[in-house]
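Only one structure is covered here, and it is reproduced in the block below.
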Amino acid sequence: GPPDSEEDRRARRRALTFVFVGAGFAGIEAMAELEDMARDACKWYPSIDPGEMRWMMIEATDRILPEVGPEMGQWTAEALRGRGIEIKLETLLKSAEGKHIVLSDGEEFDTNTLVWTAGVKPAPVVTDTDLPIDAGGRLKATAELTVEGLEHVYAAGDNAAVPDLSGKGEFTAPN
């Protein structure tokens, strides 16, 4: 049909809707960087108004960036909302079939882009070693990034439970 048919409008809306699930470091960083890049790219595509883009973060818990503590998470959420990014807390992705999203709060819409960053966990190989691991399957590490009780054995990132000496959290963020 003509370029302004209802199907064309639906396809355009679907193409300009970006959904991220999981508001830890990986999800927030990826979404913020991609939103910034897409906004900049609009100058090369005059037919796309940056305001037409819909960016949404879905998070099952009651806050974003649990790695950095509640104050920084709240500040970041407000900054992202100020950029027009929707953040849905205590919300689950119930289904994503045929480019159709259904959320636990009852909202439904279409998207071509779904990014899953929820459920960060250590590599399974960690549990296949005789190294000390915590209840979350992470290597027990010291603040110096050595594996607890061992010399010249180091751990970092998603595989390591590194104590946070700042007092802001029990463990440091996995970066």
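Between ASP164 and THR127, how many nm apart are label points set 7 Å from Cα along the C-beta direction?
Between ASP164 and THR127, the simple spin-label model gives 2.5 nm.
With runs of 4+ DSSP H residues as the only contributors, calculate the mean residue ellipticity of the chain at 222 nm using -39,500 (n - 2.57) per run, divided by the residue total and rounded to the nearest 500.
Only helices count here, giving -7500 deg cm²/dmol.
Assign unit charges at the C-beta atoms only (+1 for Lys and Arg, -1 for Asp and Glu), then state the dipole size of segment 92-175 relative to its Cα centre in Debye, rounded to the nearest 20.
60 debye
Taking the Cα centre of segment 1-48 as origin, sum charge times position over the Cβ atoms of Lys and Arg (+1) and Asp and Glu (-1), and report the length of that vector in debye to the nearest 20.
Charge dipole of segment 1-48: 140 debye, to the nearest 20.
Among ALA161, PRO66, MET53, which residue has its Cα positioned farthest towards the positive end of the charge dipole of the chain, with +1 placed on the Cβ of Lys and Arg, -1 on the Cβ of Asp and Glu, and the dipole taken about the Cα centre?
Of the listed residues, the answer is MET53.
Taking the Cα centroid of segment 145-165 and of segment 8-82, what is the distance between the two, rounded to the nearest whole Å?
When both Cα centres are located, 32 Å separates them.
Quick one: which residues, 5+ away or cross-chain, put their amide H under 5 Å from the amide H of VAL115? H built at 1.01 Å from N.
Those qualifying (amide H under 5 Å, at least 5 residues apart or on another chain) are VAL19, PHE20, VAL21.
Peptides 23-33, 8-18: what's the order by average Cβ count within 10 Å, highest mean first?
Per-residue Cβ counts within 10 Å, averaged per peptide and sorted highest first, yield 23-33, 8-18.
Where only protein heavy atoms count, and the probe is 1.4 Å, what is the accessible area per residue for the chain in Å²? List each step's numbers first, then the result.
Working: 10760 Å² over 175 residues.
Result: 61 Å² of accessible area for each residue.
Mind checking which lysines have their C-alpha under 17 Å from LYS121, skipping anything on the same chain fewer than 8 residues away?
The qualifying lysines are LYS140.
On the principal axes of its Cα set, how long, how wide and how thick is segment 1-132? Give whole Å, largest value first.
65, 31, 29
Could you rank the peptides 154-165, 43-54 by their average count of other C-beta atoms within 10 Å per residue, with the highest value first?
Answer by packing, highest mean first, reads 154-165, 43-54.
Charges at C-beta only: +1 for Lys and Arg, -1 for Asp and Glu. How large is the resulting dipole of segment 52-101 about its Cα centre, in Debye rounded to 20? It would help to have the intermediate numbers written out before the result.
Details: 7 positive and 9 negative charges, 43 e Å.
In total the dipole reaches around 200 debye.
The values are calculated or read from the model by the stated rules, or taken from the named source; none is laboratory data. Quick caveat, the model's predicted, so the values are computed rather than measured. Note that we place each Cβ from the backbone using ideal geometry, even for glycine, and neighbour counts take in every protein chain shown. SASA here: full protein model, heavy atoms, side chains in, ligands and nucleic acids out. Shrake-Rupley method; radii C 1.70, N 1.55, O 1.52, S 1.80 Å.
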